[in-house]
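Colleague: Okay, here's the structure, questions in a sec.
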Amino acid sequence: MKRAVYPGSFDPITNGHLDIIERAAKVFDEVIVAVLVNPDKKGLFDINERVMLIKKCVSKFNNIRVEGFSGLLINFMKQTESSVIVKGLRAVSDFEYEFQMALMNNKLDPNIETVFMMTNAKYSYLSSSSVKQVAQFGGCIKDLVPNDIIDDITKKINNMGEKGYGSYKITGVSPRDI
Ligand code: PNS
């Protein structure tokens, strides 16, 4: 069985991520979406919440699993007996960062291969950070994230209060109506 791991911070999952997950699930027998900590990024959702949101979006696929993990990706790979990492590439700007991570993971465990899938052109501008920013200022996030999780994102941002994402509350209209 050829199993691949699609790792990321997924804070939150976007339509670009979902597109890569669905395409990877056609190429590999099983895909594990691994929600990991990226110490360079400030989180909106905690790991368990991110896992729950992704599960909502992939429940109809029987060869996709979603798991959270706190630690090195290569340790997760060992634990799940996986040897292939799938990553999405959007633009040249992603390349340097992804190249460095792929080489580091291969250095830490030479059995690990990283394969890259080109993003669907219609999602090439999309990132979790831009989704959070649009939602924070009351913009419409329809078509950016799966419909199933729009309300979760809106509620989360509204509930953040003054802790970070929240002094700009989304009031009046639901993003679905904008
Ligand atoms: O979606 P992201 O933020 O680009 O994903 C990055 C992620 C979470 C895959 C990366 O930060 C990661 O692998 N974190 C776990 C720690 C680790 O293994 N780091 C070594 C690679 S440099």
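What follows is calculated from the coordinates using simple rules that are stated; it is not laboratory data. On a predicted model such as this, the values are computed, not experimentally measured, just so you know. For neighbour counting, all protein chains shown are included, and Cβ atoms are generated from backbone atoms with ideal geometry for every residue, glycine included.
Colleague: For residue 99 and residue 83 in one chain, what is 0.36 nm times their gap in residues minus the Cα-Cα distance, to one decimal in nm? Mind showing how you got there, number by number?
Modeller: Numbers: separation 16, 0.36 × 16 = 5.76 nm, distance 1.71 nm.
Once the chain is fully extended between residue 99 and residue 83, it gains 4.1 nm.
Colleague: Work from the charge dipole of the range 27-139 (Cβ charges, +1 for Lys and Arg, -1 for Asp and Glu, about the Cα centre) and give the residue of 52, 97, 79 farthest towards its positive end.
Modeller: Among 52, 97, 79, the one farthest towards the positive end of the dipole of the range 27-139 is 52.
Colleague: Cα extents of the chain along the three principal axes, largest first, in whole Å?
Modeller: 53, 31, 30
Colleague: List the longest stretch of the chain that has no exposed loop site; here a site is one of the chymotrypsin sites (Phe, Trp or Tyr not before Pro) assigned by DSSP to anything other than H, G, I, E or B, with at most 14 other Cβ within 10 Å. Walk me through the intermediate numbers first.
Modeller: Working: sites that count: 61, 125, 137, 168.
By the stated rule (loop sites, at most 14 other Cβ atoms within 10 Å), 62-124.
Colleague: Based on Cβ point charges of +1 for Lys and Arg and -1 for Asp and Glu, what charge dipole magnitude is obtained for the chain about its Cα centre, in debye rounded to the nearest 20?
Modeller: On the way: 23 positive and 21 negative charges, 51 e Å.
Computed charge dipole of the chain: roughly 240 debye.
Colleague: Charges only on Cβ, +1 for Lys and Arg, -1 for Asp and Glu: so what's the dipole of the range 15-101 about the Cα centre, in debye to the nearest 20?
Modeller: Numbers: 12 positive and 12 negative charges, 49 e Å.
Magnitude of the dipole: close to 240 debye.
Colleague: Can I ask one more? Any idea what angle helix 15-27 forms with the longest principal axis of the chain, computed on alpha-carbon atoms, 0 to 90 degrees, nearest 10?
Modeller: 30
Colleague: Right, here's the next one. Which whole number of Å³ per residue matches the convex hull of the alpha-carbon atoms in the range 12-66? Spell out each step's value before the answer.
Modeller: Details: hull volume 4.5 nm³, N = 55.
Taking the convex hull of the Cα positions in the range 12-66, it is 81 Å³ per residue.
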